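Beneath this line is the structure, given in structure tokens, with notes to follow.
Only the coordinates and a few stated rules stand behind these numbers; no lab work does. Note that the structure is predicted; figures quoted are calculated from it, not measured. As a convention, Cβ positions derive from the backbone with ideal geometry for all residues, glycine included, and neighbour counts pool all protein chains shown.
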Amino acid sequence: MRPGRIAGRYAKALFELAGEQNLLEAVHNDMVQLKNICESNKDFRHLLESPIISQGKKIAVFKAVFFDNINLMSYRFLEIIIKKRREVLVAEIAQEFINLYNDFLNIKNVVLKTATKANDTLVVQLKNILKEQLKANIEMVETVNPALVGGFVLTYEDRQYDASIRRNINRLKKEYNINIYESKF
């Protein structure tokens, strides 16, 4: 079975259990924290991927790092993942859980890239427009990319709206890429 399907099944099981126990919000926060740790800490990823480190040591590390910092259900779930030798999939399971949570609460993640920091009124207006258009709650992540020169790029789901000056400049370059000195005979 593909790793993505396996991660999806574990995430779905955790999601259903958390829903039954009314711990969705707490477990979601734990999965966000776990995903962030996996993304930012290279040593932690190496620990998860290492076949040399024993299960006992991995469980001890997880206990030291997570036992007091996350919900007991999330911790016990992580222990089961390690015992089943699926710790390599921890980041994927966390991401799949976050996706299930967002789908359940109808939350859409949107990335707004601008050349400079966007002002708050623009962000609020964009959120309201997207909320109306998508009929969903919007979580917006703002990033600054000076290479855009101006304007913005809006990305959500599998769509992208590029209203940047860089795009217009590149379009004009392609449109007018004519060499007037080229001989035509």
Using alpha carbons only, how many degrees (0 to 90, rounded to 10) separate the axis of helix 72-83 from the longest principal axis of the chain?
90 degrees
Cut-off under 12 Å on the C-alpha distance; same-chain residues fewer than 8 positions from K63 excluded. Which aspartates and glutamates are left, in chain and number order?
E79
Computed from the coordinates I sent, Kirkwood radius over Cα pairs in Å equals one of [x] 18.0; [y] 19.6; [z] 16.7. Tell me the label.
[y]
Would you order F77, F97 from fewest to most other beta-carbon atoms within 10 Å of each residue's own beta-carbon?
F77, F97
Treating only the Cβ of Lys, Arg, Asp and Glu as charged (+1, +1, -1, -1), what charge dipole size does the chain show about its Cα centre? Round to the nearest 20 debye.
600 debye
Treating cross-link reach as a plain straight distance, find the lysines whose alpha-carbon is under 27 Å from the alpha-carbon of K113, omitting any fewer than eight places away in the same chain.
K35, K42, K127, K131, K135, K173, K174
Cut-off is 10 Å between beta-carbons; in what order do S50, S40, S74, S164 appear when sorted fewest neighbours first?
S40, S50, S164, S74
Check which residues have an amide H placed less than 5 Å from G151's amide H, if you skip close sequence neighbours.
A115, I165
Diffing the stretch 46-61: the Karplus 3J(HN,Hα) column from phi (6.51, -1.76, 1.60, θ = phi - 60°), in whole Hz with x for Gly and Pro, holds 5, 4, 5, 8, 6, x, 7, 6, 6, 4, x, 5, 5, 5, 4, 5
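Between A26 and L105, what length comes free when the chain is fully extended (0.36 nm per residue of separation minus the Cα-Cα distance, one decimal in nm)? Present the calculation step by step, with values, prior to reporting the outcome.
Working: separation 79, 0.36 × 79 = 28.44 nm, distance 1.44 nm.
In short, 27.0 nm is gained.
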Note, ³J(HN,Hα) from phi for the stretch 101-117, Karplus 6.51, -1.76, 1.60, rounded to Hz, x at Gly and Pro
4, 5, 5, 4, 9, 6, 10, 10, 8, 10, 10, 10, 10, 9, 6, 10, 4
Using Cβ contacts closer than 10 Å as the measure, can you line up K63, K35 from fewest to most?
K63, K35
